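Trainee: A single structure is presented below for examination.
The values are calculated or read from the model by the stated rules, or taken from the named source; none is laboratory data. Every value quoted in this text rests on a predicted model; they were computed, and no experiment measured them. Methodologically, a virtual Cβ is constructed for each residue, glycine included, from the backbone with ideal geometry; neighbour enumeration extends over all protein chains shown.
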């Protein structure tokens with residue numbers, strides 16, 4: 001009986017020679033048991049529900065359909081006005097609103113500038129005294 | 001299976017984010033009670049033709065000279081307290097997902113006004129005005145084309161007047 005250390009020191013070729021010299025005894029009925037195990041596994045695999053391969057494709061199809069519904073031209077809302085003159089008046093009104101709101105912003109900027117200038121004015125006054 | 005569900009959810013979220021635009025906001029809120037809604041389509045803008053200089057009142061900021069073309073206009077004005085918060089948050093989500101940049105924010109007497117633009121270095125392709133008051137929310141979304149340089153110098157000049 002070889003020790004583990006001796007076996008570890010053997011080269012691959014020596015190990016191969018030893019393996020062919022002594023054929024390992026095959027246990028009785030091993031082949032039959034292997035066949036039975038393989039057959040049982042095949043039956044179990046057939047009975048197990050397979051993951052449906054169509055699910056990712058179906059998901060993609062649903063998402064693509066939803067995207068198409070949202071983005072396809074011609075599915076937009078209906079024009080509020082049939083008369084271009086009324087539409088023009090509404091555009092003008094919208095620009096008036098935008099303009100008014102911008103003017104509010106401009107007024108606030110002016111007020112902020114005046115507030116920001118106060119410390120400078122105070123310092124200048126103090127310096128001149 | 002779990003991976004498929006996650007993939008499906010991610011794709012659905014992408015589509016939902018994609019769906020947030022002026023049109024979807026308009027379709028969601030235009031029929032609600034106490035909401036006035038206006039939509040002007042690209043076809044109607046073609047009928048209107050080129051915009052002449054509009055009168056917007058003396059001393060007011062006039063954007064019309066820098067507008068090269070308009071292709072869509074959505075206006076929603078809600079005085080319905082039950083949907084104001086939802087309209088505002090949907091509009092903000094649309095602004096974020098559409099990569100709009102904040103142009104101006106003004107808060108005055110309980111009213112918040114925000115203006116956003118979207119486009120590239122040379123052209124502004126979209127403009128959004130969102131105003132929120134305690135009992136009223138207004139959303140105006142303009143699609144069109146404005147040269148960025150001209151637009152920005154107009155705003156800068158107006159601020160210095």
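Trainee: For segment A:5-17, enumerate the residues that are in contact with a helix residue (DSSP H, G or I) (Cβ under 9 Å, 6 or more places away or on another chain) and assigned to a helix (DSSP H, G or I).
Mentor: Matches in segment A:5-17: A:7, A:15.
Trainee: Now, a different point. Exactly one of these conditions fails for residue A:81: (1) assigned to a helix (DSSP H, G or I); (2) at pLDDT 85 or above; (3) surrounded by 11 or more Cβ atoms within 10 Å (Cβ to Cβ). Give me its number.
Mentor: Result: residue A:81 passes all but (1).
Trainee: Does residue B:131 fit the bill of being crowded, with 20+ Cβ neighbours inside 10 Å, free of Cβ contacts under 8 Å to residues at least 40 places away in the same chain and touching a strand residue (DSSP E or B) at 6+ places or on another chain (Cβ under 6 Å)?
Mentor: Numbers: crowded, with 20+ Cβ neighbours inside 10 Å: yes; free of Cβ contacts under 8 Å to residues at least 40 places away in the same chain: yes; touching a strand residue (DSSP E or B) at 6+ places or on another chain (Cβ under 6 Å): yes.
Here the answer is yes, as residue B:131 does meet what is asked.
Trainee: Can you confirm whether residue A:32 is surrounded by fewer than 10 Cβ atoms within 10 Å (Cβ to Cβ) and part of a helix (DSSP H, G or I)? Quick ask: steps written out before the conclusion?
Mentor: Details: surrounded by fewer than 10 Cβ atoms within 10 Å (Cβ to Cβ): yes; part of a helix (DSSP H, G or I): yes.
Answer is yes for this residue.
Trainee: List the number of the failed condition for residue B:125; all other conditions in (1) within 13 Å of chain A (Cβ to nearest Cβ); (2) outside any helix (DSSP H, G or I); (3) surrounded by fewer than 20 Cβ atoms within 10 Å (Cβ to Cβ) hold.
Mentor: For residue B:125, the failing item is (1).
Trainee: Which condition number does residue B:15 fail, the rest of (1) at pLDDT 65 or above; (2) facing another protein chain (nearest Cβ under 9 Å) being met?
Mentor: Among (1) at pLDDT 65 or above; (2) facing another protein chain (nearest Cβ under 9 Å), residue B:15 violates only (1).
Trainee: Could you say which residue among B:73, B:102, B:87, B:25 is under 18 Å from the mean Cα position of the chain (by Cα), outside any helix (DSSP H, G or I), crowded, with 19+ Cβ neighbours inside 10 Å and at pLDDT 80 or above?
Mentor: Values: B:102 fails: crowded, with 19+ Cβ neighbours inside 10 Å; B:87 fails: outside any helix (DSSP H, G or I); B:25 fails: outside any helix (DSSP H, G or I).
Result of the check over B:73, B:102, B:87, B:25: B:73.
Trainee: Can I ask one more? Could you tell me whether residue A:87 is in contact with a helix residue (DSSP H, G or I) (Cβ under 6 Å, 6 or more places away or on another chain), assigned to a helix (DSSP H, G or I) and within 30 Å of residue B:47 (Cβ to Cβ)?
Mentor: When the stated conditions are applied, residue A:87 passes them.
Trainee: From A:91, A:26, A:109, grab the single residue that is surrounded by 12 or more Cβ atoms within 10 Å (Cβ to Cβ) and farther than 19 Å from residue B:74 by Cβ.
Mentor: Every option except A:109 fails the conditions.
Trainee: Turning to a different aspect of this structure: Name the pairs whose Cβ atoms lie under 7 Å apart, with the first residue in segment B:33-49 and more than 9 Å from every other protein chain (Cβ to nearest Cβ), the second surrounded by fewer than 19 Cβ atoms within 10 Å (Cβ to Cβ) and assigned to a loop (DSSP other than H, G, I, E, B), and 6 or more positions between them or separate chains?
Mentor: Between residues of segment B:33-49 that are more than 9 Å from every other protein chain (Cβ to nearest Cβ) and residues that are surrounded by fewer than 19 Cβ atoms within 10 Å (Cβ to Cβ) and assigned to a loop (DSSP other than H, G, I, E, B), the close pairs are B:33/B:80; B:34/B:79; B:34/B:80; B:35/B:80.
Trainee: Next question, about the same structure. So residue B:107 passes all but one of these: (1) at pLDDT below 90; (2) in a strand (DSSP E or B); (3) away from chain A (no Cβ under 12 Å). Which condition number does it fail?
Mentor: Just one mismatch for residue B:107, condition (3).
Trainee: Can residue B:152 be described as farther than 18 Å from residue B:73 by Cα and part of a loop (DSSP other than H, G, I, E, B)?
Mentor: no
Trainee: Scan segment A:54-67 for residues that are more than 10 Å from every other protein chain (Cβ to nearest Cβ) and either within 23 Å of residue B:24 (Cα to Cα) or at pLDDT below 75 (or both) and jot them down.
Mentor: Listed by number, the list holds a single entry, A:61.
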